[in-house]
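A short write-up of the structure that comes next.
The values are calculated or read from the model by the stated rules, or taken from the named source; none is laboratory data. All values derive from a computational prediction rather than experimental measurement. Positions of Cβ are generated from backbone atoms using ideal geometry, with glycine treated the same way; all protein chains shown enter the neighbour counts. Note: accessible area is taken over every heavy atom of the protein model, side chains too, but ligands, DNA and RNA are not part of it. Shrake-Rupley method; radii C 1.70, N 1.55, O 1.52, S 1.80 Å.
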Amino acid sequence: MTADPRARGQAPPRSPDRYDPERIERKWQEEWDRRGTNLFTDEELRTAEDPYYNLMMFPYPSAEGLHIGNVYAYVGADANGRYWRLRGKDVFEPMGFDAFGIHAENYALKVGTNPNELIPRNIANFTRQLKRFGGMYDWNHAVDTTDPSYYRWTQWVFLKLFEGGLVERREAPVNWCPSCLTVLANEQVIAGLCERCETTVEQRQLPQWFFKITRFAERLLGNLDTIDWSEITKKAQANWIGRSEGADVTFQAGDAAIEVFTTRPDTLFGATYMVLAPEHPDVERLTTPGQREAVDAYRAEVATRDLVERQKERKEKTGVFTGSHAVNPTNGREIPVWIADYVLMGYGSGAIMAVPGHDQRDFDFATAFGLPIVRVIAGPGDDASTPLTEAYAGDGVMVNSGQFDGMTVAAGKRAVVEWLAGEQGAARTRVNYRLHDWCVSRQRYWGPPIPIVHCEACGPVPVPESELPVLHPHLEDFRPDDSGISPLQRATDWYETPCPGCGGPAHRETDVTDNFLCSGWYFLRYPSALRDDTALDPELTRKWLPVDSYIGGNEHAVLHLMYARFLTMALHDLGVLEFEEPFDRFRAHGLLISEGRKMSKSKGNVVLPDEIVSRFGADTMRLYLLFLGPYEHGGDWQDKGIQGPFGFLNRLWQSAGDAVDGAPDPAVDRALHRTIRQVTEQVPALQYNTAIAAMMEYLNAVRAGGRTPRRSELEPLLVMLAPFVPHVAEELYARFGHNESIFEAAAWPTWDEARLVEETVEIAVQVNGRLRGRISMAAGADEAAVIAAATANENVARHLADKTLRKTIVVPDKLVNLVAG
């Protein structure tokens, strides 16, 4: 007995008269290429009457190929673009490759192939997959971040920011991955581990290039109130920017004036010790001889911990007393100065006043080291002497705070700062941000060289724009080492160069830029990709940007998406762009899981899209992915589940083959108009799964009772399905006698409200609240006619016998309740 291939999630064999997705999809992909269906010429971009820029996150070509999670993102965004094209928009949907960066380089190291050879092969494979999956991509305007024609302009962006005073080179504590052998931005460290290789991250002090994103913190935060983005993404950015209002307060420690930032100046009387970051410049002079050995040992140990992990709550508190004291400016008391790893130089001034009575981290530290804990805020039912078993962080009134006792927290914050500012000049109000400047230096090989030359006489000198691009040299030995110096320094002929300023001997910057700079502006380049004489064609940029719709993963909320907003704002301020927000609408898609678990090779539940396409076709895969669940929430891939969409397309194919000319059946016509309305409302809201369900239900109505479908009933369905299953929609549309592409000739169907109304409705009839009969009436029948028909019903009349009708309740077109007694 031969096993049914469907039992293993496989498509059954296909005979010539059956739906054959491979043949149909190959045919239409070739036809789209031949006709240039999805491509814009430069002139067409300039003359488009109703432009709609549909963007999706371009992939890293740094693995064997696209996985099903990538495909989920791309087909959802592609369905959006195809929908708006069918609505009459001129949809520009470009694609490219984020091919520089550590992802690609690490993969090249893993497989033992030079990235100069590997990445072009990967790009070719990714391109094959993207075409095979039926994307509506404009390959005329593709970008590859490793192409000199692209990274020339990435270097140009760097220089624009440099000229505008938004780039700085400084020595700073940075996150260092000892496996990837490079610096990581804070956003690239997850739970103390490198996001790429999951190695424990260390800290190093290195000279680095920074973009001054912190200058834009307030605008980046404020604009979140006005942009149309997924709330989850806006919340993530707001939390990362981390705005807090407070005051800078000066504590005197001998001849050192230590400035701290606090959001709680009302608790200053409760500051019983201070803590400095181990890297704070005053640690050296504050450390007494008796504490020198302990302080040095602690600082060396902290240097092995990453900056992100240091900010987390720890069960075990660590720190060392410097031997010095500072004076609390509110009460003149001397308080000890400690160093501890939980204080960072990057936030505020790198020093804190510790108020253990009202901050849990300070409370735990004070408890661990036997430091004083004083209550200075009393909550409801408490007073100045109420003991503390944990930090009290609630509202209340000030106590043990001298002349401020009895003041509310809100009033005390203002009053204490005003008093210290006036009496001692020891305080001033300030807004602080958690956001740090963006470290863009990477000590790796595979990235765009930073266009700076170092000259002993002139210092760092920008490469003239006329000499761009600074070409990326080919190295056979591209493996990084632990020196903190990029492998590019090994390219001696490239490294040594005359100074652009004085002509004297100099050398190139060997760090490359973070690949998030490559991806931070790629969407700006797409419309101008055919121009080699300018980064951004003013006319095309003005016509197509900002992006109308951007769909991607929320994991990029505080990385790519934040950096893209910053670069757009910066280029706006520098006069390059006329807008300061890059994306009119951003939607974060959900996470795809498999068999109830996150996809993982070790779990054996990874879904390979090429295998799915070979068995069922790209259209079935697309339809199933978008049918799994709400697109913005994600879905659970079940191998057996794909049979449903595959069966649906087979039934659609059969119905189209059986269809005849003729007017639609009235009942089917009403179902069609209901479906048109639902799909039209739900697709732009990315409610794909319910829109697909509605179309499946409609096909059932078309086929109900074995009736012969009408072409007039199916053709509107083909148009509505086209965003999801473009190949089969094209084929059946052509079989219905159309010579042009469905995406060029078809108009999106419209619904008629009048046709949504049922001609007759069934109304339930109750007597004293109990169902006694049902009647059929014309939809919208008046109340008197409904009551007359209800009382004439044989069974209802029997239950009304010998009773007086006292009250009638009518719910139009649904229910009649006759109250009798």
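Open to solvent by 20 Å² or more (accessible area, probe 1.4 Å), within 21 Å of residue 272 (Cβ to Cβ) and of a type in the set (S, T, N, Q) - does that describe any residue in the range 422-440? Within the range 422-440, one or more residues are open to solvent by 20 Å² or more (accessible area, probe 1.4 Å), within 21 Å of residue 272 (Cβ to Cβ) and of a type in the set (S, T, N, Q). Taking the range 9-40 as the range and being surrounded by 13 or more Cβ atoms within 10 Å (Cβ to Cβ), polar (S, T, N, Q) and either modelled with pLDDT under 95 or over 21 Å from residue 653 (Cα atoms) (or both) as the test, the residues that pass are 10, 37, 38. Taking the conditions exactly as written (touching a residue at least 60 places away in the same chain (Cβ under 8 Å), within 16 Å of residue 679 (Cβ to Cβ) and open to solvent by 60 Å² or more (accessible area, probe 1.4 Å)), does residue 722 satisfy them or not? When the stated conditions are applied, residue 722 does not pass them.
Right, residue 121: touching a helix residue (DSSP H, G or I) at 6+ places or on another chain (Cβ under 8 Å) and either within 30 Å of residue 478 (Cβ to Cβ) or touching a residue at least 24 places away in the same chain (Cβ under 8 Å) (or both) or not? When the stated conditions are applied, residue 121 does not pass them. Taking the range 368-410 only, how many residues are open to solvent by less than 70 Å² (accessible area, probe 1.4 Å), aliphatic (A, V, I, L, M) and farther than 23 Å from residue 333 by Cα? Result for the range 368-410: 1.
Would you pick out the residues in the range 49-71 that are modelled with pLDDT under 95, open to solvent by 30 Å² or more (accessible area, probe 1.4 Å) and not in a loop (DSSP other than H, G, I, E, B)? Correct list: 70 only. If you go through the range 99-155 and keep only what is charged (D, E, K, R) and either open to solvent by less than 10 Å² (accessible area, probe 1.4 Å) or not in a loop (DSSP other than H, G, I, E, B) (or both), you end up with 105, 110, 117, 121, 128, 131, 132, 138, 144, 152.
Yes/no per residue for (1) exposed (fewer than 11 other Cβ atoms within 10 Å of the Cβ); (2) more than 25 Å from residue 673 (Cβ to Cβ); (3) of a type outside the set (Val, Ile, Thr):
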residue	(1), (2), (3)
763	no, no, no
770	yes, yes, yes
800	no, yes, yes
803	no, yes, yes
820	no, yes, yes
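Within the range 226-254, if we keep just the residues that are of a type in the set (D, E, K, R) and open to solvent by less than 30 Å² (accessible area, probe 1.4 Å), the residue that is farthest from residue 588 (Cα to Cα) turns out to be 248. For first residues located in the range 668-686 and acidic (Asp, Glu), partners that are open to solvent by 10 Å² or more (accessible area, probe 1.4 Å) and in a helix (DSSP H, G or I) and lie 6+ apart or on another chain with Cβ distances below 7 Å form the pairs 669/755.
Of the set (1) modelled with pLDDT of 95 or more; (2) in contact with a Lys or Arg (Cβ under 8 Å, 6 or more places away or on another chain), all apply to residue 261 but (1). Close contacts from the range 470-485, counting a first residue that is closer than 16 Å to residue 109 by Cβ and part of a loop (DSSP other than H, G, I, E, B) and a second that is among the acidic types (Asp, Glu) and open to solvent by less than 60 Å² (accessible area, probe 1.4 Å), with Cβ to Cβ under 8 Å and a gap of 6+ residues or different chains, come to 478/105.
Can you tell me how many residues within the range 450-473 are of a type outside the set (A, V, I, L, M) and more than 22 Å from residue 516 (Cα to Cα)? Here the count works out to 9. Taking the range 212-268 as the range and being under 16 Å from the mean Cα position of the chain (by Cα) and within 28 Å of residue 339 (Cβ to Cβ) as the test, the residues that pass are 239, 240, 241. In this structure, does residue 103 turn out to be touching a residue at least 24 places away in the same chain (Cβ under 8 Å) and within 15 Å of residue 56 (Cβ to Cβ)? Criteria not met by residue 103. Could you tell me whether the range 575-585 includes any residue that is crowded, with 22+ Cβ neighbours inside 10 Å, out of contact with any Pro (no Cβ under 8 Å at 6 or more places or on another chain), closer than 28 Å to residue 517 by Cβ and of a type in the set (Gly, Ala, Ser)? Looking for residues that are crowded, with 22+ Cβ neighbours inside 10 Å, out of contact with any Pro (no Cβ under 8 Å at 6 or more places or on another chain), closer than 28 Å to residue 517 by Cβ and of a type in the set (Gly, Ala, Ser), one finds none in the range 575-585, hence no. Looking only at the range 495-512, residues that are in contact with a helix residue (DSSP H, G or I) (Cβ under 9 Å, 6 or more places away or on another chain) and either under 16 Å from residue 571 (Cβ atoms) or open to solvent by 20 Å² or more (accessible area, probe 1.4 Å) (or both) come to 4 in all.
Residues in the range 158-199 that are out of contact with any helix residue (DSSP H, G or I) (no Cβ under 8 Å at 6 or more places or on another chain) and not in a strand (DSSP E or B): 162, 163, 165, 178, 179, 181, 188, 198, 199.
The residues listed here are 26, 85; of these, the one that is touching a residue at least 24 places away in the same chain (Cβ under 8 Å) and among the basic types (Lys, Arg) is 85. Test residue 353 against the stated conditions and say whether it is in contact with a strand residue (DSSP E or B) (Cβ under 9 Å, 6 or more places away or on another chain), aliphatic (A, V, I, L, M) and assigned to a loop (DSSP other than H, G, I, E, B). In short, no.
Determine whether residue 325 is at pLDDT 95 or above and open to solvent by 30 Å² or more (accessible area, probe 1.4 Å). For residue 325, the condition - at pLDDT 95 or above and open to solvent by 30 Å² or more (accessible area, probe 1.4 Å) - is met.
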